[in-house]
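To start, the structure under review is shown below, and the notes come after it.
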Amino acid sequence: MKSSVYILGIESSCDETSAAVCCDGKILSNIIASQEIHQQYGGVVPELASRAHLQKIVQVVDAALKKAGIQKSQLSAVSFTQSPGLIGALLVGSGFAKSLALSLNLPLIEVHHMQAHVLSNLIEEPAPRFPFLCLTVSGGHTQIVRCTSPLSMEVLGETVDDAAGEAYDKTAKMLGLPYPGGPLIDAYAEQGDPKRFHFPEPQMPGLSFSFSGVKTSMLYFLQKHRQEDPAFVDTHLNDICASFQHTMISILLQKLKKASIETGIREICIAGGVAANKGLRKELSAMAKRFQWTIHIPSLEYCTDNAAMIAMIGYHKFIEKQFSPLTVTATARGGW
Ligand code: KG4
Ligand code: ZN
């Protein structure tokens, strides 16, 4: 009888220390330790992120193995996020993964974080059929990806400046909200009127995105209104958030619609931290009905950074014997 393939995944690219176990393509555990320390600084402090990863990684990996009900000796390979991310943070995860692979004499598998986000859609049932399009929206990236098999992906379009999550977080900061502001804007937006204020949408060619204009128009909008009424943000917070969110979702979904028309693909996925956005999830569902799309929206724990997606792509690379040498290094801005 063929023995099972157990892959350990390790994620440490930003401010979540995470470990997961995948058995034959099914996720058995996904432990995520978030780093609260950054909240008081209004953004992720790279040096503090690295230290927190170092403090947490041993217990997070132990917890993932325990929850999966397996011993280290049963592992078939160790996969880890090699790129992109904060270099110090990546070095903690990659160093740990390399040491573990070396000590247990296991294959090592490097993973590209953005490809892993796309494959987070394979974690739950029903999985998307290939080929599918994935709108990947996170704190560092905004991409539309065509995925033709677990390991064949092509970026069809991406942002030329800020990422969607970055636009959310920077706008939240302007509104005086703590980091990460994306989920807070989402919550206030639910209570507000999306048509109350107007923020212009950029006219970008092809499938490219741009969010810096929305951010700048928000800056001028707030400056003007605060001059007239210092309490403007407090009294209109829900409507400002709803109107900003309306603009962001419109920009994202217009491009997704264009990509679907151009490629003829109607199997549509979303991924990344901003895919946790309630407004985006709702509007995508409405669009799916209108255009007969089959959509896949990962559960919240698989949208924001997690190691389950690292273990999942690790499993597919293991099947294809795509292993990395122990000399592999982490890189902050690696391509794919
Ligand atoms: O994928 P992720 O966890 O980390 C990166 O790889 O960047 O994404 C984090 C981003 C942050 O910018 C955060 O504000 C945003 O995802 N985010 C949200 C929501 N939840 C997380 N943005 C909008 N609405 C949300 N509900
Ligand atoms: Zn991410």
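The values are calculated or read from the model by the stated rules, or taken from the named source; none is laboratory data. Quick caveat: nothing in here was measured; it's all calculated off a predicted structure. Glycine also receives a Cβ, built like all others from the backbone with ideal geometry; neighbour counts cover every protein chain displayed. The accessibility values were calculated without ligands, DNA or RNA, using every heavy atom of the protein model including side chains. Shrake-Rupley method; radii C 1.70, N 1.55, O 1.52, S 1.80 Å.
Some points to look at:
- Test result for ALA231, more than 16 Å from ligand 2 (Cβ to nearest atom), surrounded by 18 or more Cβ atoms within 10 Å (Cβ to Cβ) and at pLDDT 95 or above: no
Condition check ((1) closer than 23 Å to CYS303 by Cβ; (2) part of a strand (DSSP E or B)) across all residues:
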| residue | (1), (2) |
| --- | --- |
| LEU8 | yes, yes |
| ALA19 | yes, yes |
| LEU28 | yes, yes |
| GLY43 | yes, no |
| VAL60 | yes, no |
| LYS66 | no, no |
| PHE80 | yes, yes |
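- Looking across the range 140-193 at every residue that is open to solvent by less than 30 Å² (accessible area, probe 1.4 Å) and among the charged types (D, E, K, R), the one that is farthest from ligand 2 (Cβ to nearest atom) is identified as ASP186.
- Looking only at the range 289-314, residues that are part of a helix (DSSP H, G or I), among the hydrophobic types (A, V, I, L, M, F, W, C), surrounded by 16 or more Cβ atoms within 10 Å (Cβ to Cβ) and away from ligand 1 (no atom under 11 Å from the Cβ) come to 5 in all.
- Of all the residues in the range 1-43, those that are open to solvent by less than 40 Å² (accessible area, probe 1.4 Å) and closer than 23 Å to ALA167 by Cβ number 8.
- Within the range 143-190, being more than 13 Å from ligand 1 (Cβ to nearest atom), touching a strand residue (DSSP E or B) at 6+ places or on another chain (Cβ under 7 Å) and small (Gly, Ala, Ser) holds for one residue alone: GLY157.
- Of the residues screened, VAL118 is not one that is away from ligand 2 (no atom under 16 Å from the Cβ) and either open to solvent by 10 Å² or more (accessible area, probe 1.4 Å) or outside any loop (DSSP other than H, G, I, E, B) (or both).
- Total residues in the range 103-115, condition assigned to a loop (DSSP other than H, G, I, E, B) and either modelled with pLDDT under 95 or surrounded by fewer than 18 Cβ atoms within 10 Å (Cβ to Cβ) (or both): 1
- Residue selected from the range 1-28 under the condition small (Gly, Ala, Ser) and more than 16 Å from ligand 2 (Cβ to nearest atom), by the criterion farthest from THR304 (Cα to Cα): SER3
- ALA116 vs. criteria within 12 Å of ligand 1 (Cβ to nearest atom) and of a type outside the set (Val, Ile, Thr): yes
- Residue check for ALA89: farther than 22 Å from LEU300 by Cα, touching a Ser or Thr at 6+ places or on another chain (Cβ under 7 Å) and surrounded by 20 or more Cβ atoms within 10 Å (Cβ to Cβ): yes
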